[in-house]
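Below is one structure, written out as structure tokens; the observations come after it.
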Amino acid sequence: MPSAFISHPDCMRHEMGQCHPECPERLGAINDQLLISGYLNFMNEYDAPLASIEELSRAHSALYVKELIAQSPQEGYALVDPDTKMNPHTLNAALRAAGSAVFATDLVLNGQASNAFCCVRPPGHHAEQNAAMGFCFFNNVAVGIRHALDVRGIEKIALIDFDVHHGNGSENIFKGDSRVLMCSIFEKDLYPFTGEYLPDQNMINIGLPTRSKGDVFREAVEQHWIPALEAFQPQMIYISAGFDAHREDDMGNLGLVEADYEWVTKKIVEIANKYSEGRIVSCLEGGYVLSPLARSVVAHIKVLIGAD
């Protein structure tokens, strides 16, 4: 069964000003590299739908959703965080990004896709239940997970986050929720300066020292993630797929390369095949230097489609 590739042109229309690192060109670079690789020929492509207020409100407070929608400008920019702005197209892009995770969940659970990659922006893992921050408005992966739990009846979900920045928003939403095991690796002492202290037993947060390379990353996965995932036995796996831990990305100071992203994706697929019927939904998060971002996404997708 083919993997699903979910995106939408609206996600290219959101922008936060000249030279902002979270730029529309990110998706263009990924699409170009995927076309060169030929891997899109082995995926079914879908347009991301708009998330509904009801879907968003499973991960965010209804008041926050209402207030963010009200902030959408008719022209220019609306500042919602020192790093995060809305232009007139941002709201639709954010609704598509969150909607992609819900749509991907249904495709996978309905047996229409073996797994799914949501190639969308804005990213989501910094968005908390009641706050936008760090380029994020809605927590895309959390919206998808809550749909799987509360609507589709999945009982145990693993959330894997390998972005260079800690997914504080996902932690905020899922801390104490025994249905979700969150496993994250991030660079210590980097924005948003969280993750060092575990708020609950369902969080496996591993902060890596600055300039750590792939060997340190792989050792942390083997020693901390894999035993926790084996014990938890998730019925479905979601990935916050950030690629800014790449050694060529100046948003962080880690030293991963494409081979590391391919390796960790293989480890996740092995767990998914063992416990989750292969069910994986991966959502794009960070990655801000275009060439290593695109190459890393291709390495990730290569494994998802079984071309490794």
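A short reminder: the numbers here are calculations on the coordinates, not readings from a lab. Since the model is a prediction, treat every value here as computed from it, not as a measurement. Backbone-built Cβ (ideal geometry, glycine too); neighbour counts: all protein chains shown.
Relative contact order for the chain: what is it in percent, counting Cα pairs under 8 Å that are at least 6 residues apart?
Averaging sequence separation for qualifying contacts and normalising by length gives 20 percent for the chain.
Per residue, what volume in Å³ does the convex hull of the Cα atoms of the range 59-178 enclose? Before the final figure, lay out each step's value.
Working: hull volume 13.1 nm³, N = 120.
Measuring per residue, one finds 110 Å³ for the Cα hull of the range 59-178.
Can you compute 3J(HN,Hα) from phi for each residue in the range 121-138, using the Karplus curve 6.51 cos²θ - 1.76 cosθ + 1.60 with θ = phi - 60°, rounded to whole Hz and x for Gly and Pro?
Result, rounded to whole Hz: 8, x, x, x, 6, 8, 6, 8, 4, 10, 7, 8, 5, x, 6, 10, 10, 10.
Could you give the length gained by full extension between Lys274 and Leu63, i.e. 0.36 nm per residue of separation minus their alpha carbon distance, to one decimal place?
Taking 0.36 nm per residue and subtracting the Cα distance, the gain is 72.0 nm.
Around Gly242, with a cut-off of 9 angstrom between Cβ atoms, what is the net charge of the other residues, counting Lys and Arg +1 and Asp and Glu -1?
Charge balance near Gly242 sits at -4.
Rg (Å, one decimal) plus Dmax (Å, integer) for the alpha carbons of the range 167-233?
12.0, 34
Find out how many positive minus negative residues lie around Glu55, taking Lys and Arg as positive, Asp and Glu as negative, among other residues whose Cβ is under 15 Å from that of Glu55.
+2
Could you give the length gained by full extension between Arg152 and Lys188, i.e. 0.36 nm per residue of separation minus their alpha carbon distance, to one decimal place? Intermediate results must be reported in sequence, preceding the final value.
Numbers: separation 36, 0.36 × 36 = 12.96 nm, distance 3.57 nm.
Length difference between fully extended and current span is 9.4 nm.
List the residues, sorted by chain then number, that are 5 or more residues from Gly287 or on another chain and whose placed amide H is less than 5 Å from its amide H.
Under 5 Å from the amide H of Gly287 lie the amide H atoms of Phe243, Asp244, each far enough along the sequence or on another chain.
In terms of Cα to Cα distance under 22 Å, which lysines are near enough to Lys66, apart from those fewer than 8 places away along the same chain?
Within the straight-line limit of under 22 Å, Lys66 reaches these lysines: Lys85.
How many times 2.2 N^0.38 Å is the alpha carbon radius of gyration of the range 3-304?
Scaled against compact globular proteins, the figure is 0.89.
Hey, could you pull the Cα Rg and Dmax for the range 46-124, both in Å?
According to the Cα coordinates of the range 46-124, Rg and Dmax are 13.8, 43 Å.
In a solvent-free Debye calculation with one equal scatterer on each Cα, what is log10 I(q)/I(0) for the range 1-138 at q = 0.13, 0.18 Å⁻¹, listed in the order of the q values?
Here log10 of I(q) over I(0) equals -0.56, -1.00.
Give the Rg/Rh ratio for the range 230-280, taking Rg as the radius of gyration of the Cα atoms and Rh as the Kirkwood radius, to two decimals.
1.09
Taking the range 166-208, which GluC sites (Glu not before Pro) meet the DSSP loop condition and have no more than 11 other C-beta atoms within 10 Å?
Listed in order of number, the matching sites are Glu196.
Hey, in the GNM for the chain with a 10 angstrom Cα cutoff, which one of Ala245, Ala116, Ala148 fluctuates hardest?
Fluctuation is largest for Ala148.
For Glu25 and Tyr77, what is the calculated FRET efficiency with R₀ set at 22 Å and r taken between the beta-carbons, to the nearest 0.05?
For Glu25 and Tyr77, the calculated efficiency is 0.75.
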